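Notes follow once the structure below has been shown.
What follows draws every value from the coordinates through simple rules; no lab data is involved. Worth saying up front: this structure is predicted, and the values here are computed from it rather than measured. Here the Cβ positions follow ideal geometry from the backbone for every residue, glycine too, while neighbour counts run over all protein chains shown.
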Number of protein chains: 2
Amino acid sequence: MSIISIRRAREADVAAIVAMLADDELGRAREDAGTPLAQAYLDAFAQIDADPNQLLAVMTDGDDVIGTLQISFLTGLSLRGARRGQIEAVRVAAHRRSEGLGQRLFEWAIETCRERGCRVAQLTTDKTRLDAHRFYDRLGFKASHVGYKLQL
Amino acid sequence: MSIISIRRAREADVAAIVAMLADDELGRAREDAGTPLAQAYLDAFAQIDADPNQLLAVMTDGDDVIGTLQISFLTGLSLRGARRGQIEAVRVAAHRRSEGLGQRLFEWAIETCRERGCRVAQLTTDKTRLDAHRFYDRLGFKASHVGYKLQL
């Protein structure tokens, strides 16, 4: 029987998370999922894990990591000093897609944002990810903004 | 003589920052720049100021606060564990626009992101802010993403 749960990521999950980030048409070129795992990923995990305003989560089925996302809790002065929950690096393992797991992961993320007092949940997604756009539309997100990136 | 500088914001700057956030066609409806300043803004400032991964900045001309932006330094596993600098809540005081101050503020923000080891600078802007789009295009940002928001 499948027992799916969602929890805070641990260091032991990092390789599985990176494998999901890399297993994607955009991720393939920019990640390095080779073994041993590049130290840069472990260093980044340590920074994320130590920051109370960051929450890297995994969805698991038994011992298998089958999904991930990261929430950054961002307080600003805008919107009368509102906190926002920013969701990034969302993936469901390729062999577990089309089971509604992404929706379950997102419902958890949105509920977590509410519990942490966020007034807005926000994310950006590449213009080419048309399936993702339909997914976020269905969840009630509004595509109200343009997302700009500058490589440094 | 005008002496313009950019520095970390202090609590005494918050009222001037909120006034700039409110003096805007989208900001007017969602901010409260009345006096005494709503405590929620001061509480939010305290949280931002205490977080080493947040930098709320002001541009000043002598004693006058004439611009603001906030940078969030966000570490993720994506892009081989990259840090990103996310720029939000950008404003130049209405009476000081068209002097190139926004560009100067942004050049400072981008340099600050580089100094803090960011591989990417990112931001979102409302689809209706066409002048802002031209500004970010000129600075070399790529409008590669769609920005989604969900009110909670």
Practice task
Could you check the simple spin-label distance between B:ARG96 and A:SER144, using points 7 Å along Cα→Cβ, in nm with one decimal?
Solution key: 2.8 nm
Exercise for the section: Take the alpha carbon atoms of region A:34-86, find their center, do the same for region A:111-146, and report the distance between the two centers in whole angstrom. Expected result: 16 Å
Completion exercise
So, with points 7 Å from each Cα along the Cβ direction, the A:GLN47-A:ARG119 label distance in nm works out to 2.9 nm
Exercise for the section: Distance from a point 7 Å along Cα→Cβ of B:ASP137 to each backbone N in region B:79-115: keep the residues under 18 Å and list them by number. Expected result: B:103
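What percent antiparallel are the DSSP beta bridges of chain B, to the nearest 5?
85 percent
State which helices in chain B qualify, where a helix is a whole DSSP H run, it must extend 18 Å or more along its own axis by its Cα atoms, and its mean Kyte-Doolittle hydropathy must be at least -1.0.
Details: long enough: B:101-115 (21 Å, -0.39).
Once both thresholds are applied, what remains is B:101-115.
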Problem - Inter-probe distance in nm under a simple model that places probes 7 Å from Cα toward Cβ, at A:SER5 and B:ASP64 - result: 6.0 nm
Exercise for the section: Give, rounded to the nearest 20 debye, the magnitude of the charge dipole that the protein assembly as shown has about its Cα centre when Lys and Arg contribute +1 at Cβ and Asp and Glu contribute -1 at Cβ. Expected result: 620 debye
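Mind checking the mean number of beta-carbon atoms from other chains within 10 Å of the Cβ atoms in B:26-33?
2
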Completion exercise
In whole Hz, the Karplus estimates of ³J(HN,Hα) for region B:84-99 (6.51, -1.76, 1.60; θ = phi - 60°; x where Gly or Pro) are 10, x, 9, 9, 9, 6, 8, 8, 10, 4, 3, 7, 10, 7, 6, 10
Handout entry: Peptide B:81-89, shielding by other chains (average Cβ, 10 Å cutoff)
Key = 5
Practice task
Work out the length of the dipole vector of region A:40-152 about its Cα centre, built from +1 on the beta-carbon of each Lys and Arg and -1 on the beta-carbon of each Asp and Glu, and round it to the nearest 20 debye.
Solution key: 700 debye
Completion exercise
Counting sequence-distant residues (5 or more places) and residues on other chains, those with an amide H built under 5 Å from that of B:VAL120 are A:LEU152, B:GLY85
Fill in the blank from the handout: With the label set 7 Å along Cα→Cβ, B:ASP64 is separated from its counterparts in the other copies, in nm and shortest first, by 6.4
Problem - Closest Cβ on chain B to the rotation axis that carries it onto A (distance rounded to whole Å) - result: B:GLY147, 2
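Report relative contact order for chain B in percent, whole number only (criteria: Cα-Cα under 8 Å, sequence separation at least 6).
Numbers: 188 pairs, mean separation 28.4, N = 152.
Across chain B, relative contact order equals 19 percent.
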Handout entry: Other-copy label distances relative to A:HIS95, 7 angstrom Cα-Cβ extension, nm
Key = 6.7
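Please compute, for peptide B:100-109, the average count of beta-carbon atoms on other protein chains lying within 10 Å of each residue's beta-carbon. Don't jump to the answer; show the numbers that get you there.
Working: counts 0, 0, 0, 0, 0, 0, 1, 0, 0, 0.
Taking the mean over all residues of the peptide, I get 0.
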